[in-house]
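*Asks:* To start, I am sharing the structure in question, which I have written as structure tokens.
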């Protein structure tokens, strides 16, 4: 692996006295698409928030380019790491373009003017998410899928090289799921971006991601190439599900067919 | 952009027209022409005395207080993510009024400059108290909890204010109209010392409008795109205290302006606070001026602007609470 830019070292995350992540070590491969998978409540969203600097660790640290992210200003961090949060605000009354323009926040000073390169970043983000025709539409009137794409566009306008996405495909119909995942793949392959996404559909994750990390109860139980992570053993341990794993004839990636739940 | 500019221009014209209407309305007959003459070329006549001592202060008070409350409501809605937030409902105005009355009655403070700072102190303390009450306990501050805490604090401080005034008839005589939200009997000498604070707060609100838009996306999103939400919430709170404190110093605790106006703007134009704030300022001034003038001019009743605004604002509040599902909170 090339030197990771983003990594967690003996990370401990908690809500008050309730621990969520316990002594976790993780290095995010640069220029790759990493999928975080695991059952509900396993701590994957909290881990993602911590990687973005939104959740302060109880112990350990998140390191970006060799220094703890706690030592960077919020603005400087936002130029390096973009986060698509799970439950975004309705952005009431704002147009798609206005929302996407918010992604330029870390590149502008408090009283700084709107520059050509800000507009250019917004145009690129709108184009990548196929939202050009909807730029003047109100975000709160969009369908769930369109709204999700508008939020993704906002994160893209941030032009950070590391993108963290919490369930980017939830609320999307199949076509838009494929579109969003394809977009992530393109960002990684063509723009050299580093993408970490929390995903629920294991077959989809296996198909699009370069690396998968499976979590359970705040610990990593498997990580590596999709074929190493999506295995009947891992599925049984992580999800308590008995599953058949086939190979996608098209891509050679694992396909997961869940059969039944098994007691813990 | 052109639509926003057109709305702004329309509001400015409306304010000018209603101001003229207000200047020409009152017990002593004064034609619009006489009023305009006295305004533009002040002399020593009876018309001049009426205009400069009775009618103009009222117009200025309505415009400044309304503008400040419109801006304060817009900022509070952005920062709390709560469509029902405004300085009246959240007890900020009541806090300012209570401390001013307390200072007047108990501590015998009469200097305008000192009373303004009492208003700021009261507004700030009430805001902190309401926010703490709403956020305490499980689940944090939902919209309806914030409003409940605000209404409790506002009612309690209002009762204390009334109690002080019942005991102290001298102070009551001095502030009777003021506490009822009436602009009657306001003097320019009382208003002028407040103007620099009001102007500064309004300027800050406009300059930071873009920050409030970012805050309105919620703390997580704001942080993830590089804003420091704690810092900007504090700055927003200072703006609100400056705005509401100025408005209360001038016009007493006027409710609902900060609720009705930003929502009307949002429904008409939508958009970020770069658009909502300036138009809320103009709209607040226009609505308050109209609320002060219309009953006097049309019904010959000098109804306090605070009451007229409540008559307009209360149904609006109910509609808003229902349509936003804020009751389910």
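The values are calculated or read from the model by the stated rules, or taken from the named source; none is laboratory data. All figures in this text were calculated on a predicted structure; none of them were measured in a lab. Glycine also receives a Cβ, built like all others from the backbone with ideal geometry; neighbour counts cover every protein chain displayed.
*Asks:* For region B:107-116, name all the residues that are surrounded by fewer than 17 Cβ atoms within 10 Å (Cβ to Cβ) and in a helix (DSSP H, G or I).
*Replies:* Listed by number, the residues that qualify are B:112, B:113, B:114.
*Asks:* Just checking, does region A:76-84 include any residue being within 12 Å of chain B (Cβ to nearest Cβ) and either surrounded by fewer than 15 Cβ atoms within 10 Å (Cβ to Cβ) or modelled with pLDDT under 90 (or both)?
*Replies:* So far as region A:76-84 goes, yes, one or more of its residues are within 12 Å of chain B (Cβ to nearest Cβ) and either surrounded by fewer than 15 Cβ atoms within 10 Å (Cβ to Cβ) or modelled with pLDDT under 90 (or both).
*Asks:* Next question, about the same structure. Would you point out which residue out of B:79, B:100, B:153, B:147 is under 22 Å from residue B:190 (Cα atoms) and either without any contact (Cβ under 8 Å) to a residue 24 or more places away in the chain or crowded, with 17+ Cβ neighbours inside 10 Å (or both)?
*Replies:* Answer to the selection: B:100.
*Asks:* Only one of these conditions is not met by residue A:119: (1) part of a helix (DSSP H, G or I); (2) farther than 17 Å from residue A:162 by Cα; (3) within 12 Å of chain B (Cβ to nearest Cβ). Which number is it?
*Replies:* Just one mismatch for residue A:119, condition (3).
*Asks:* Go through region B:275-325 residue by residue and tally those that are surrounded by fewer than 16 Cβ atoms within 10 Å (Cβ to Cβ), part of a helix (DSSP H, G or I) and within 14 Å of chain A (Cβ to nearest Cβ).
*Replies:* Qualifying residue count for the region: 1.
*Asks:* Pick from A:167, A:98, A:123: which is farther than 14 Å from residue A:183 by Cα and under 15 Å from the mean Cα position of the chain (by Cα)?
*Replies:* A:167
*Asks:* Applying the selection to region B:208-220, what residues are facing chain A (nearest Cβ under 8 Å) and at pLDDT below 90?
*Replies:* Residues satisfying the conditions are B:216, B:217, B:218, B:220.
*Asks:* Test of understanding: among A:170, A:247, which residue is in contact (Cβ under 8 Å) with a residue 24 or more places away in the chain, more than 24 Å from residue A:26 (Cα to Cα) and surrounded by fewer than 17 Cβ atoms within 10 Å (Cβ to Cβ)?
*Replies:* Exactly one of A:170, A:247 is in contact (Cβ under 8 Å) with a residue 24 or more places away in the chain, more than 24 Å from residue A:26 (Cα to Cα) and surrounded by fewer than 17 Cβ atoms within 10 Å (Cβ to Cβ), namely A:170.
*Asks:* Among the candidates B:81, B:140, B:108, single out the residue that is at positive phi, away from chain A (no Cβ under 14 Å) and at pLDDT below 85.
*Replies:* After ruling out the rest, the residue left standing is B:108.
*Asks:* Find the residue count for region A:39-75, including only residues that are touching a residue at least 24 places away in the same chain (Cβ under 8 Å), farther than 21 Å from residue A:16 by Cα and more than 12 Å from every other protein chain (Cβ to nearest Cβ).
*Replies:* Residues in region A:39-75 being touching a residue at least 24 places away in the same chain (Cβ under 8 Å), farther than 21 Å from residue A:16 by Cα and more than 12 Å from every other protein chain (Cβ to nearest Cβ): 4 in total.
*Asks:* Restricting region B:237-274 to residues that are surrounded by fewer than 23 Cβ atoms within 10 Å (Cβ to Cβ) and within 14 Å of another protein chain (Cβ to nearest Cβ), which is farthest from residue B:315 (Cα to Cα)?
*Replies:* Across region B:237-274, the extreme among qualifying residues is B:274.
*Asks:* Looking at region A:103-124, is at least one residue surrounded by fewer than 18 Cβ atoms within 10 Å (Cβ to Cβ) and either in contact (Cβ under 8 Å) with a residue 40 or more places away in the chain or touching a strand residue (DSSP E or B) at 6+ places or on another chain (Cβ under 6 Å) (or both)?
*Replies:* The answer is no, given that none of the residues of region A:103-124 is surrounded by fewer than 18 Cβ atoms within 10 Å (Cβ to Cβ) and either in contact (Cβ under 8 Å) with a residue 40 or more places away in the chain or touching a strand residue (DSSP E or B) at 6+ places or on another chain (Cβ under 6 Å) (or both).
*Asks:* Output the strands (runs of 3 or more DSSP E) that fall wholly within region A:1-111 and possess 1 or more residues being within 30 Å of residue B:83 (Cβ to Cβ), or say none.
*Replies:* Filter on region A:1-111 gives A:6-15, A:81-84.
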